[in-house]
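See below for the structure under consideration.
The values are calculated or read from the model by the stated rules, or taken from the named source; none is laboratory data. For clarity, every value in this text was computed on a predicted model and none was experimentally measured. Cβ: placed from backbone, ideal geometry, glycine included. Neighbour counts: every protein chain shown. Quick note on the areas: whole protein, heavy atoms, side chains included, nothing else; ligands and nucleic acids left out. Shrake-Rupley method; radii C 1.70, N 1.55, O 1.52, S 1.80 Å.
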Amino acid sequence: DAGITQSPRYKITETGRQVTLMCHQTWSHSYMFWYRQDLGHGLRLIYYSAAADITDKGEVPDGYVVSRSKTENFPLTLESATRSQTSVYFCASSDYGTATGETQYFGPGTRLLVL
Amino acid sequence: AQSVSQHNHHVILSEAASLELGCNYSYGGTVNLFWYVQYPGQHLQLLLKYFSGDPLVKGIKGFEAEFIKSKFSFNLRKPSVQWSDTAEYFCAVNSNSGGGADGLTFGKGTHLIIQP
């Protein structure tokens, strides 16, 4: 049971470059989420998706783009990376409407450094 | 908008000491409450959760939390900590409106260090 995976686990890029972070879950959960974790801020929601082709903004969406063409994948793209986007990015999923639906399960994270 | 406040950013305890981490939330409606733990270098794991019913919930590894609605609190407790409890602890909340899953609003975390 692979659960939820993220790739790459570590990424170094330069300011202005486009970067895509991948998230894949094997549970067929309907909801998926992207968070960023920064010192002093905890985790903050970037975007979330209720189902394929349905996405919505979270607390800090600026500078990010998401898509969800398949239920199991939820890539996060930084269109033009900035130093302020240096962070640890976590993907999560949940199966709303089931007994455990309100619980979110997290991936291992991607550490992104923007130079 | 929801907000979560964790009172202690850093806590240092000796093994076998009792633990209580404070968490207060701000939200006008019905909420789901969570405690997650992040061990060094690892991803977040669910410790326990409260959706409804008994306000005293028990989680994994001997942790428990009590939801006190009148105080908007969901404090985490453990009667006797171990060195392996050294980690970052996050309190989180989302809406229980029944309208669909909401993203979680997290507190800033409490860094717990257990000294042998």
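So, of the residues in the stretch B:28-46 that are open to solvent by 70 Å² or more (accessible area, probe 1.4 Å) and away from every other protein chain (no Cβ under 11 Å), which turns out to be modelled with the highest pLDDT? Working first, answer last.
Residues of the stretch B:28-46 that are open to solvent by 70 Å² or more (accessible area, probe 1.4 Å), as a first pass: B:28, B:30, B:40-42.
If we keep only those that are away from every other protein chain (no Cβ under 11 Å) too, we end up with B:28, B:30, B:40.
Working: B:G28: 74, B:T30: 83, B:P40: 88.
The extreme case among them is B:P40.
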- prompt: Hey, among the residues in the stretch A:53-85 that are of a type in the set (A, V, I, L, M, F, W, C) and crowded, with 16+ Cβ neighbours inside 10 Å, which one's nearest to B:D102 (Cα to Cα)?
  reply: A:V60
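Can you pull out the residues in the stretch B:7-27 that are among the polar types (S, T, N, Q) and at pLDDT 95 or above?
Pass one, the stretch B:7-27, residues among the polar types (S, T, N, Q): B:8, B:14, B:18, B:24, B:26.
Within the stretch B:7-27, B:S14, B:S18, B:N24 qualify.
Of everything in the stretch B:24-56, what is free of Cβ contacts under 8 Å to residues at least 40 places away in the same chain, of a type in the set (A, V, I, L, M, F, W, C) and closer than 26 Å to A:P108 by Cα? Give them in sequence order.
Here is the first cut: in the stretch B:24-56, the ones free of Cβ contacts under 8 Å to residues at least 40 places away in the same chain are B:28, B:41-43, B:45-46, B:48-50, B:53-56.
Of the ones still in play, those that are also of a type in the set (A, V, I, L, M, F, W, C) are B:46, B:48, B:56.
B:L46, B:L48 - these are the residues of the stretch B:24-56 that are free of Cβ contacts under 8 Å to residues at least 40 places away in the same chain, of a type in the set (A, V, I, L, M, F, W, C) and closer than 26 Å to A:P108 by Cα.
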message: Out of B:K49, B:K69, I need the residue that is surrounded by fewer than 20 Cβ atoms within 10 Å (Cβ to Cβ), within 22 Å of A:G58 (Cβ to Cβ) and of a type in the set (K, R). Which one?
response: B:K49
query: Looking at the stretch B:9-23, which of its residues are within 28 Å of A:E59 (Cβ to Cβ), in contact (Cβ under 8 Å) with a residue 60 or more places away in the chain and surrounded by 14 or more Cβ atoms within 10 Å (Cβ to Cβ)?
result: B:V11, B:L21, B:C23
query: Taking the stretch A:31-49 on its own, how many of its residues are within 8 Å of another protein chain (Cβ to nearest Cβ) and in contact (Cβ under 8 Å) with a residue 24 or more places away in the chain?
result: 4
- prompt: Do any strands (runs of 3 or more DSSP E) entirely within the stretch A:31-77 hold 2 or more residues that are of a type in the set (A, V, I, L, M), and if so, which?
  reply: A:42-51, A:64-66
message: Would you confirm, using the coordinates I've provided, whether A:S93 is open to solvent by less than 20 Å² (accessible area, probe 1.4 Å) and at pLDDT 95 or above?
response: no
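Looking at the structure I just gave you, is A:T20 in a strand (DSSP E or B), within 14 Å of the chain's Cα centre (by Cα), away from chain B (no Cβ under 11 Å) and surrounded by 14 or more Cβ atoms within 10 Å (Cβ to Cβ)?
yes
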- line: For the stretch B:61-83 the number of residues that are without any contact (Cβ under 8 Å) to a residue 24 or more places away in the chain and on the phi < 0 side of the Ramachandran plot is 5
- line: A careful count of residues in the stretch B:47-56 that are in a strand (DSSP E or B), within 11 Å of chain A (Cβ to nearest Cβ) and out of contact with any Gly (no Cβ under 7 Å at 6 or more places or on another chain) gives 2
